[in-house]
Amino acid sequence: MAAKLFIFSAPSGTGKTTLVKELLGRFETLVFSISHTTRKPRPGEVHGKDYFFTDKAQFMDMVASGQMLEWAQVHDNCYGTSKIFVQEQLAAGKSVLLDIDVQGGRQIMDSGLKPVSVFIMPPSLEVLEQRLRGRGTDAEDVILRRLENAETEMAQKAFYTHVVVNDVLADAVAELIAIVEQETSN
């Protein structure tokens, strides 16, 4: 199996985290890159497992010292990927899966690294709104901002190698498994 860098991007609430967990459970040589973020943890999230939670000053120091492969500000918070982690995993023959926003995805696509990029779409904006409200984790203004951002993010799907619609979970998982198998067999 060839080690590859995979980028998964999607609007908030599309089910990307669920899909990523499904894939990680099926491929021994696929590792997840835990992002660094300045946002506060949601209930149940664990530092070092879900994200590396940090403050803005520390985060910007990491950016300035070249420790980030990519980074972006999304929904008033910063998110970024450790360059060293990705390099070490690829050198060890492992494929790395990045769960990142479109800004970070475009940075990596434009960097010359040649990632396999996957954009995950909701079935519709109406379904996305139902999912965001159903989570019960965000205030109304945050939900409205996420929906507005979703339209902008979905307009970027043409820059991705693959587009998968997450309507029926089992179908989306099967499509993603096929993509990973195809891309790592080269």
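The values are calculated or read from the model by the stated rules, or taken from the named source; none is laboratory data. Every value quoted in this text rests on a predicted model; they were computed, and no experiment measured them. Virtual Cβ from ideal backbone geometry, glycine too; neighbours counted across all protein chains shown.
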Test: residue in the stretch 60-69 that is among the acidic types (Asp, Glu) and more than 24 Å from Glu148 (Cβ to Cβ): yes
Of all residues being in contact (Cβ under 8 Å) with a residue 12 or more places away in the chain and assigned to a helix (DSSP H, G or I) in the stretch 79-90, which is nearest to Glu183 (Cα to Cα)? Just the residue, please. Leu90
Of everything in the stretch 144-164, what is crowded, with 16+ Cβ neighbours inside 10 Å and either more than 16 Å from the chain's Cα centre (by Cα) or on the phi > 0 side of the Ramachandran plot (or both)? Give them in sequence order. Leu147
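Residues that are touching a strand residue (DSSP E or B) at 6+ places or on another chain (Cβ under 9 Å), surrounded by 17 or more Cβ atoms within 10 Å (Cβ to Cβ) and not aromatic (Phe, Trp, Tyr): does the stretch 23-30 have at least one? Walk me through it before giving the result.
Our first condition is that a residue be touching a strand residue (DSSP E or B) at 6+ places or on another chain (Cβ under 9 Å); within the stretch 23-30, this holds for 23-24, 27, 29-30.
Going one step further and asking which of them are surrounded by 17 or more Cβ atoms within 10 Å (Cβ to Cβ), we end up with 23, 30.
Subset that is not aromatic (Phe, Trp, Tyr): 23, 30.
Yes, because at least one residue in the stretch 23-30 is touching a strand residue (DSSP E or B) at 6+ places or on another chain (Cβ under 9 Å), surrounded by 17 or more Cβ atoms within 10 Å (Cβ to Cβ) and not aromatic (Phe, Trp, Tyr).
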Could you check how many residues of the stretch 81-108 are more than 20 Å from Phe52 (Cβ to Cβ) and touching a strand residue (DSSP E or B) at 6+ places or on another chain (Cβ under 6 Å)? 2
Of residues in the stretch 13-43 being touching a helix residue (DSSP H, G or I) at 6+ places or on another chain (Cβ under 6 Å) and β-branched (Val, Ile, Thr), the one farthest from Glu151 (Cα to Cα): Val31
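Condition first: within 27 Å of Met109 (Cα to Cα), part of a strand (DSSP E or B) and touching a Lys or Arg at 6+ places or on another chain (Cβ under 8 Å). Can you find one or more residues in the stretch 152-160 that meet it? Steps first, answer last, please.
The first filter runs over the stretch 152-160 and keeps only residues within 27 Å of Met109 (Cα to Cα), leaving 152-160.
Applying the additional criterion that residues be part of a strand (DSSP E or B) yields none.
So far as the stretch 152-160 goes, no, none of its residues is within 27 Å of Met109 (Cα to Cα), part of a strand (DSSP E or B) and touching a Lys or Arg at 6+ places or on another chain (Cβ under 8 Å).
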Do you know which residues across the stretch 103-126 are at pLDDT 90 or above, part of a helix (DSSP H, G or I) and aliphatic (A, V, I, L, M)? Ile108, Met109
Where Ala158 falls short, out of the listed (1) farther than 27 Å from Ala3 by Cβ; (2) without any contact (Cβ under 8 Å) to a residue 40 or more places away in the chain: (1)
Just give me the residues in the stretch 165-176 being surrounded by 15 or more Cβ atoms within 10 Å (Cβ to Cβ) and in contact (Cβ under 8 Å) with a residue 60 or more places away in the chain, in sequence order. Asn166, Ala172, Val173, Leu176
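Can Leu98 be described as under 24 Å from Arg26 (Cβ atoms), in contact (Cβ under 8 Å) with a residue 40 or more places away in the chain and out of contact with any Ser or Thr (no Cβ under 8 Å at 6 or more places or on another chain)? It would help to see each step written out before you state the result.
Details: under 24 Å from Arg26 (Cβ atoms): yes; in contact (Cβ under 8 Å) with a residue 40 or more places away in the chain: yes; out of contact with any Ser or Thr (no Cβ under 8 Å at 6 or more places or on another chain): no.
Here the answer is no, as Leu98 does not meet what is asked.
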Filtered residues of the stretch 55-76 (kept if modelled with pLDDT under 95, surrounded by 18 or more Cβ atoms within 10 Å (Cβ to Cβ) and not aliphatic (A, V, I, L, M)): Glu70, Trp71
